[in-house]
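Worksheet: the structure to be examined is printed underneath.
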Amino acid sequence: LGGRASAPDRESGAKGDSPRLREWFPETLFWNSEIITDEQGRARVTFRGADSITTWRMTSSAVSRDGRLGSATGGITVFQPFFVDIDLPVALTEGDELWVPIAVYNFTDKRDTVTLKFSAEPGIELLDPAEQKLDVEPKRATAVLYHIRAAKFGTHRLEVLATAPSFGDRVALRCLADDEARLRED
């Protein structure tokens, strides 16, 4: 069990194409309790990959026809040399103001100027300019803060587009803005 995968990314920002949007971040990537192997004990499974830049822990357990038990663990590493990450709390209360850290990871050998563009659905008010520029050194991570307000109850989408002459990334998350009056009732 194990492997390595590359998340699709855009290597040429100069062409103006937008990076693929990363927006699916499940906690469990794949679960199947009924895989039947061939006579050599092998099976092939196919599943949709998530947009997470991480190492997924894989665990498998098996029972042979004659009752013998087996197990194995491994990992699948998903990586791309440049990416952004939005660090949101699990939930906000309507009216909350906070500074959302946006981390920019540059694992390339190039120093580059990155343009960040932050956007959000109307329930989230952006209190800073939507566009920020920052210099990111090679093999380093840098963070910027965006000041936001949870203006309206509901689940709202936030997106960050990061572009540089050589690379880019685009990530979207949803955040819950809860109603303070409803919280007091619970």
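Couple of notes before you dig in:
- Protein accessible area in the stretch 29-148, 1.4 Å probe - carbon and sulfur %: 50 percent
- Projecting the Cα atoms of A172, G154, G75 onto the charge dipole of the chain, computed from C-beta unit charges around the Cα centre, puts G75 farthest toward the positive end.
- For the chain, the tally of Lys pairs with Cα-Cα distances below 25 Å comes to 9, considering only residues 8 or more apart or on different chains.
- Only Lys, Arg (+1) and Asp, Glu (-1) charged, at Cβ; the chain dipole about Cα centre in debye: 860 debye
- Highest mean packing first, where packing is the average number of other Cβ atoms within 10 Å per residue, the peptides 119-130, 67-78 line up as 119-130, 67-78.
- FRET efficiency, 1/(1 + (r/R0)^6) with R0 45 Å, evaluated for S119 and Q40 via beta carbons: 0.30
- Kirkwood hydrodynamic radius of the chain, Cα pairs, Å: 19.2 Å
- Residue-level accessible surface for T108, protein heavy atoms, 1.4 Å, Å²: 20 Å²
- Given R0 = 25 Å, the distance between the Cβ atoms of D109 and S52 translates into a calculated FRET efficiency of 0.55.
- A Förster distance of 41 Å, applied to the separation of the beta-carbon atoms of E159 and A62, puts the FRET efficiency at 0.45.
- Ordering of 139-147, 80-88 by burial proxy (mean other Cβ atoms within 10 Å per residue, highest first): 80-88, 139-147
The values are calculated or read from the model by the stated rules, or taken from the named source; none is laboratory data. All values derive from a computational prediction rather than experimental measurement. No Cβ is skipped: glycine too gets one built from the backbone with ideal geometry, and neighbour counts run over all protein chains shown. Heads up: the accessible areas ignore ligands, DNA and RNA and are worked out on the full protein's heavy atoms, side chains in. Shrake-Rupley method; radii C 1.70, N 1.55, O 1.52, S 1.80 Å.
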